[in-house]
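Below is one structure, written out as structure tokens; comments come after it.
The values are calculated or read from the model by the stated rules, or taken from the named source; none is laboratory data. Since we're looking at a predicted model, the values are computed, not measured. Cβ: placed from backbone, ideal geometry, glycine included. Neighbour counts: every protein chain shown. Keep in mind that these areas ignore ligands, DNA and RNA; they rest on the heavy atoms of the full protein, side chains included. Shrake-Rupley method; radii C 1.70, N 1.55, O 1.52, S 1.80 Å.
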Amino acid sequence: MDFNFNPEQTQFADALKRWIARDYGFEARRAIVHSDAGVSHAAWATLAELGMTALPVPEAQGGFSGSAVDMFVVMQELGRGLVVEPYFATVLGAEFLRLGGMHGGLLERVAGGELKLACALGERQSRHDLCDIATRATRDGDGYVLSGEKKVVLHGAQAGMLLVSARSSGAQRGEEGISLFVVPVDAPGLRMAGYRTLDGLRAAEIVFDQVRVDAGALVGAAGQGWSILDAAADYGAGLLCAEAVGAMEAIFEATLDYLKTRQQFGAPIGKFQALQHRMADMYIHLEQARSMALLAAVKLGSTDAGERRRAVSAAKYRVNLAARYIGQQAVQLHGGMGVTDELPAAHYFKRLATIELTLGDADHHLARFIAQPGFRDTEAEGAIA
């Protein structure tokens, strides 16, 4: 298996690096984060111009049919640059539409950068269990009425359309009876409260108060949305792993530079063996996380859902552990200034902490990995051997 990036992928990465270095530096990002909008329309236009919004969209809808490995390259650079634009939310929404296969017109608008999407999946009681859905979709004539609340909808207030999971039948925590809908943010009865998150991004709390949508809003078949939801969530988790790798690379390099320049007792603190050991441990975590994240990106294209789930959960578990360790060590090695708003290390640490809790924390993905068919048999065989 070849894990080297091809020339086209390298070109995408280089284009993003140049743009971030030129127009999206640390101070420019801070200004965007503290602006009223929380995002930059100019930055989004540049991402569209560079082809980033078209990359994951199928060619039939004006995109490039980019693979998960192509997206790994992009998300890694966005992680290094701490980009706060609604790119992840939009491409995750686009994956729902692609899997649903029924909203080509919306995908064309995504590819052109005209439409931003957000995914309203989480609820107060659900934590990381995406099939724990209390929001109801009640049949009403030729359409549906949505009632319920969604929490921490990433870039919900910056989107034009929402991908919404709702329960049209079955038990609250069952996989059967889940329906997915694409809903305009200005639909009557939809209320939204946006806010800034710990890591500088934006999220929203959304209330659906008798929001009526027609049958054309369905993504996939009614009551059979779990397979799409499960696959899209894995896709999103894989993208977050790639973003985390980029952020961990950047904070590792910043910490190494700091150890080389910070003087104590007449010498750079990087000469102290105990600190060298801590940097070595950080590097080991980084490389293991990179390997697992790249493997997950490859397996996202697998037609075997079990293989995809195992790879993604293993990667998210390992990346989450690495993100916590590298982030905490970087802050400690920077000393007190490691938690100040003026230092990039603090912002990388916050972003890594948020990624760790998005689309499944370490405990969730460890339990999910263990629950996959065949794990117990493999464990028993290993014990006998």
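How about the range 193-202: which of its residues are among the hydrophobic types (A, V, I, L, M, F, W, C) and over 19 Å from residue 244 (Cα atoms)?
193
Looking for something free of Cβ contacts under 8 Å to residues at least 60 places away in the same chain and polar (S, T, N, Q) - is there at least one such residue anywhere in the range 105-125?
Yes, that holds for at least one residue.
Sort out which residues of the range 102-115 are modelled with pLDDT of 95 or more and either more than 20 Å from residue 13 (Cα to Cα) or crowded, with 24+ Cβ neighbours inside 10 Å (or both), and write them in order of number.
Selection gives 103, 104, 105, 106, 107, 108, 109, 110, 114, 115.
Can we say residue 31 is without any contact (Cβ under 8 Å) to a residue 40 or more places away in the chain, of a type in the set (Gly, Ala, Ser) and more than 29 Å from residue 286 (Cα to Cα)? Write out each step before concluding.
Working: without any contact (Cβ under 8 Å) to a residue 40 or more places away in the chain: yes; of a type in the set (Gly, Ala, Ser): yes; more than 29 Å from residue 286 (Cα to Cα): yes.
Judged against the criteria, residue 31 is a match.
Which residue out of 36, 14 is exposed (fewer than 11 other Cβ atoms within 10 Å of the Cβ) and either out of contact with any His (no Cβ under 9 Å at 6 or more places or on another chain) or modelled with pLDDT under 95 (or both)?
36
Can you tell me which residue in the range 291-325 is nearest to residue 350 (Cα to Cα), limited to those that are polar (S, T, N, Q) and assigned to a helix (DSSP H, G or I)?
Initial filter on the range 291-325 (polar (S, T, N, Q)): 291, 302-303, 313, 320.
Checking the rest, the ones that are also assigned to a helix (DSSP H, G or I) come to 291, 313, 320.
Details: 291: 23, 313: 22, 320: 13 Å.
The selected residue is 320.
Would you check if there is a residue in the range 148-164 being within 22 Å of residue 224 (Cβ to Cβ), out of contact with any Leu (no Cβ under 9 Å at 6 or more places or on another chain), among the aliphatic types (A, V, I, L, M) and without any contact (Cβ under 8 Å) to a residue 60 or more places away in the chain?
no
What do you reckon, is residue 130 open to solvent by less than 20 Å² (accessible area, probe 1.4 Å), modelled with pLDDT of 95 or more and touching a Leu at 6+ places or on another chain (Cβ under 7 Å)?
For residue 130, the condition - open to solvent by less than 20 Å² (accessible area, probe 1.4 Å), modelled with pLDDT of 95 or more and touching a Leu at 6+ places or on another chain (Cβ under 7 Å) - is not met.
Which residue is most open to solvent (accessible area, probe 1.4 Å), if the candidates are limited to the range 133-159 and must be under 20 Å from residue 170 (Cα atoms) and of a type in the set (A, V, I, L, M)?
134
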